[in-house]
Structures are given as C-alpha cells and as structure tokens.
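Since the structure comes first, as structure tokens, the remarks are kept for the end.
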Amino acid sequence: MDKSGGMVCVGLDPDPKRLPGFLRGEDWGRVITFNKTIIDATYPYAAAYKLNLAFYEALGEHGWETLRETVSAIPDDCLTIADGKRGDIGNSARFYAAALFEEIRFDAATVNPYMGWDSVEPFAASPEKGAFILTLTSNPGAKDFQFSGEGRKLFEAVAAKACEWNELGNIGLVTGATQAEHFRRLREIAPDMPFLIPGVGAQGGDLHAVVENALKGFPGGGLINSSRGIIYASSDTDFAEAAGSAAKKLRDEINEILD
C-alpha cells in the first residue's frame, strides 16, 4: 500500500474470448502476454494482484504454467492472492496450501471456513503467508446461509472466529462490496482485520459506501479488488494504457473518499 499509494487490488481473471482481438487465438501464450502487459501497466497503482484460479484451470493443460508465469511476473512488493476459496479436511488442505504457496509461490489465498480450523490452518501456519476467510459475499445466494441465525448471523460468527484464529496476524476477511451496509458491524467485530473487498465495478458495489464503512479510520484496512473494470477497460490496442488509467482512477477515487 505504501508503494502504490493506495488500496487497489487488480484481479487478473483472463477470459480468452475477451482479450483484445489481436491477442485472440489458439496460442495459450497470448494469455501470458496479456497478463504481463496488464501487470506492467497497473503496477504503479496496485498494492496487490488477485488471480481467480478458475480462469487458469479452464485453460487445461497449459493453465498451471500460465498461472506460474503470471505470478512470477508480479513484482515482489505487490501482494499476490490465489482466489480459489479452498476448503477441505486438514490433510487435503495441506496439499492445497503447498500447491499455492510452495509450487506457485502465492503470498495469500482465499479460504472457505465451513469445515473449521483444520481446513484453514495450513494456509495460516506461516507468518509469511496469509489467508483471507470467506465471510460475506456479493452473490445473490449469500442470503441462503450467511444471514442465518437468531441474533448473531452466520457471517458475524465467521468474522468472530477468524479473529480468534488470527494469532499470527496473517488472516483477513473476504467481504463483498454489495454488502457494504453490513461493514460497520463487521468492523465492530474485527477492527484490526484487513478486508479483501471484491464486487466494485462490474458487480455493482458502491465504492463510497465501501470506503466509508470498511476503510475510513482503519489505516491499512483492506484491499478493493477490481477485475473486469480494469483489465477490460479497452478491447483495442490501447488496452494496457486503458487498464493503467482505470487502476489509477480507482486508487485516486478511494483516496479522495478517505480524505
């Protein structure tokens, strides 16, 4: 955040069908070219990069290599986040964590806490790695479970438990931008937790409400992720310049609200 002067997280979620026309084709290396160009253009304004693993797994046999090369291209002073929402029994979670942290060398991962601490612990075992716990999401189905419970809601219980687990100071919360009206409550529960906030832009999250409710008064309080709004800011030959401008604009808008 100090490096970039802001809280922007760029989502590197490449859809081969949405790449600029001159980068489309069967050559899987074009996705790497696209990602590296986006990284170069947005790096001055980005505190972090989040890679949704589904977009790479869908590339088939070349997906893992694309993932590895993309992460390797991100400068060391930017946080790299594997967004796979992993959640399995402890033994399996250990191997998921090893794949992401040791093989690909991500800094952090999103984790589904539904199975409890043993499914989270491998991602939070080292102070040099981190876990963002899935807490309150932007999708319509969030209401099916996350708001259940008499009195304290499930998402509140998850936030409280994440605070208990955070002995090494390397756990944060995933909180969807369209749920900004609940962020003040989450801040009461987890005042010192960094929030990873997707859903601004294409998903309709209100940036002003997000910053006011989750970040204002909490220095270093989180990262606001934008994927499509940055990487697809243009579909023409100026896509890199447009992505850089979009990342800078988001950074400056966040800082203006914070001031």
Divide by every residue of the chain the summed helix terms, -39500 (n - 2.57) for each DSSP H run of at least 4, and state the resulting mean residue ellipticity at 222 nm, rounded to the nearest 500 deg cm²/dmol. -10500 deg cm²/dmol
Please give the net charge around GLY116, taking every other residue with its beta carbon less than 13 angstrom from that of GLY116, where Lys and Arg add +1 and Asp and Glu add -1. -3
Run the Debye formula on the Cα coordinates of the range 53-165, all scatterers equal and no solvent, and tell me log10 I(q)/I(0) at q = 0.22 1/Å. -1.23
Do any trypsin sites (Lys or Arg not before Pro) in the range 119-207 lie in a DSSP loop with no more than 14 other beta carbon atoms within 10 Å, and if so, which? ARG152
What angle, in degrees between 0 and 90 and rounded to the nearest 10, separates the Cα long axis of helix 239-258 from the longest principal axis of the Cα atoms of the chain? 30 degrees
Value of D in µm² per second that Stokes-Einstein yields for the range 8-258, Kirkwood Rh from Cα pairs, at 20 °C (1.002 mPa s): 116 µm²/s
Of all lysine pairs in the range 8-258 that are eight or more residues apart or on different chains, those with Cα atoms under 23 Å apart total 20
LEU168 neighbourhood, Cβ < 10 Å, K/R = +1, D/E = -1, net charge -1
Across the alpha-carbon set of the range 142-259, Rg over Rh with Rh taken as the Kirkwood radius works out to 1.03
Pick out, in residue order, every one of the trypsin sites (Lys or Arg not before Pro) in the range 1-104 that is DSSP loop and has at most 15 other C-beta atoms within 10 Å; say none if there are none. LYS3, ARG24
Exposed-loop-free span, longest in the chain, where GluC sites (Glu not before Pro) count as exposed if DSSP calls them loop and at most 13 other C-beta atoms lie within 10 Å: 27-127
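None of the figures in this text is laboratory data; all of them are computed from the coordinates on show. Note that the structure is a prediction, hence the values are computed from the model and not measured. Note that we place each Cβ from the backbone using ideal geometry, even for glycine, and neighbour counts take in every protein chain shown.
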